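Input: a single structure, listed below in structure tokens.
The values are calculated or read from the model by the stated rules, or taken from the named source; none is laboratory data. Keep in mind that this is a model prediction, so the values were computed, not measured. Cβ: placed from backbone, ideal geometry, glycine included. Neighbour counts: every protein chain shown.
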Amino acid sequence: MIISTTARRFAPFALGLTVLVGAARVATYGAISPAHAAGAFAIGQCAAYGQAFDYPAEHLAKAAALKQCKGECTAVTMKKACAAFAVDLTNPCGPHGYAVRPKISASLNDATRECYKYGGKECVIRAWVCDAKG
């Protein structure tokens, strides 16, 4: 393998820059993650919903999600997680299900399962949300 003189001179610089960028990302991630780690999902009648993610506090995320949801709604909060809401396609005002789980795939599957458990015939995901860490 032939390596040019320029490549040899550039290699330590590239390595140093890579380490510096990596350290900056770790420092930034550590500084941001506690400040923006709360989310909420509000669920109401007839497929109404509201969502909020990456809020600095759970109560702020919950208030934002409830504000988006039309009618009487219930809110669940999440940190480093995902939430999903499933409704019966044939009767959106009927059976529904929701789930909050660490992974999006689990929340989608469990919300659909809950909808079927309560009598849904054609359950589909109406909405989902993850905070930045979920």
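Within segment 56-74, at least one residue is in contact with a Leu (Cβ under 8 Å, 6 or more places away or on another chain) and either part of a loop (DSSP other than H, G, I, E, B) or not β-branched (Val, Ile, Thr) (or both). Of all residues in segment 35-55, those being under 17 Å from Pro95 (Cα atoms) and either outside the structural domain of Pro102 (by TED's automatic domain parsing) or in a loop (DSSP other than H, G, I, E, B) (or both) number 1.
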